[in-house]
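One structure is given here, and the rest of the page talks about it.
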Amino acid sequence: MREIEHVLMQEAESISVNSWLGLIQTPTNRKRTSIAVVLGFFAQWNGVGVVSYYLVLVLNAIGITKVKDQTLINGLLQIFNWLVSTFLGALMVDRLGRRTLFLTSTAGMLVAYIIWTCLTAHFINSPNDSTGRAVVGFIFVYYLFYNIAWNPLLQAYPVEIFPYALRGKGLSVTYISFFIGLILGNQVNPIAIELITWKYYIVFCCILAVLFVTIWFLFPETKGHTLEEIKEVFGVERERDDGSVEAVLGGEKF
């Protein structure tokens, strides 16, 4: 008990003296902060901003223009999103792990977006109802993959990867990046959809491909680790004789 109290006192003291510069002062913290920025910004720029806020424009492009039909699809999407993120995402996170879920989610979103883009292009060239319905189906497939990771782990993953003293600031960086992405998307997305319609979806296909590679190399797995052990996943920092800091992971310096 005394040891626990001592650790809590040390952490409380470290919070009081830690500044925002702590997020970038060491190699391991810079990596954590980079993950927080990627996670927050691309939670809006992985294609979800288009269909979340401009679903009407997406549906108009495939010939679904009746308000009743658009409202029904939107309502079903909201129910579907809640069910998938609440049950499927929550149940899989401790079975498959965070990194695996992010990779699976992003890969699935990429495939769904490519097919969705091709179907929309086909509809514009030769309109028919079956192609329009197929696009709606792949919007649901896209959301299925989005909700297994990007929805439930947006807050949970940053909280795990940052040390206690920087956890609040790290989560704030995620939210700041999220809202920057949101504001930028709200300025760009509607104009781009109106001007170039389905061709704008190609941008997000490219973004998702780059995002998959980024996650592969940047995001560590935190499944099965205590918060203390996660520090070792990022590496142990040692001070050199000249006062600079090096990070050591698995006995290798970087």
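The values are calculated or read from the model by the stated rules, or taken from the named source; none is laboratory data. None of these values were measured; they are calculated from a predicted model. A quick note on method: Cβ atoms are made from the backbone with ideal geometry, for glycine too, and the neighbour counts reach across all protein chains shown.
List of remarks:
- Restricting Leu166, Leu119, Leu153 to those that are buried (at least 20 other Cβ atoms within 10 Å of the Cβ) and within 13 Å of the chain's Cα centre (by Cα) reduces the list to Leu153.
- Restricting the range 45-97 to residues that are within 21 Å of Ile148 (Cα to Cα) and charged (D, E, K, R), the residue that is modelled with the lowest pLDDT: Asp94
- Identity of the residue in the range 170-212, of a type outside the set (A, V, I, L, M, F, W, C) and closer than 13 Å to Ile35 by Cα, that ends up surrounded by the most Cβ atoms within 10 Å (Cβ to Cβ): Thr174
- Residues that are closer than 25 Å to Val210 by Cα and among the aromatic types (Phe, Trp, Tyr) are absent from the range 82-100 altogether.
- Cβ pairs under 6 Å, 6+ apart, first in the range 188-199 and over 13 Å from Val56 (Cα atoms) and outside any helix (DSSP H, G or I), second among the hydrophobic types (A, V, I, L, M, F, W, C) and at pLDDT 90 or above: Trp198/Ala121
- Just one residue in the set Gly89, Gly49, Gly63 is in contact with a Gly (Cβ under 6 Å, 6 or more places away or on another chain), closer than 30 Å to Phe162 by Cα and not aliphatic (A, V, I, L, M); that residue is Gly49.
Rundown of residues vs (1) within 30 Å of Ile230 (Cα to Cα); (2) aliphatic (A, V, I, L, M); (3) in contact (Cβ under 8 Å) with a residue 12 or more places away in the chain, yes/no style:
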| residue | (1), (2), (3) |
| --- | --- |
| Cys118 | no, no, no |
| Tyr143 | yes, no, yes |
| Leu154 | yes, yes, yes |
| Glu160 | yes, no, yes |
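- Selection count, the range 213-251, where residues are of a type in the set (S, T, N, Q) and either surrounded by 13 or more Cβ atoms within 10 Å (Cβ to Cβ) or at pLDDT 90 or above (or both): 2
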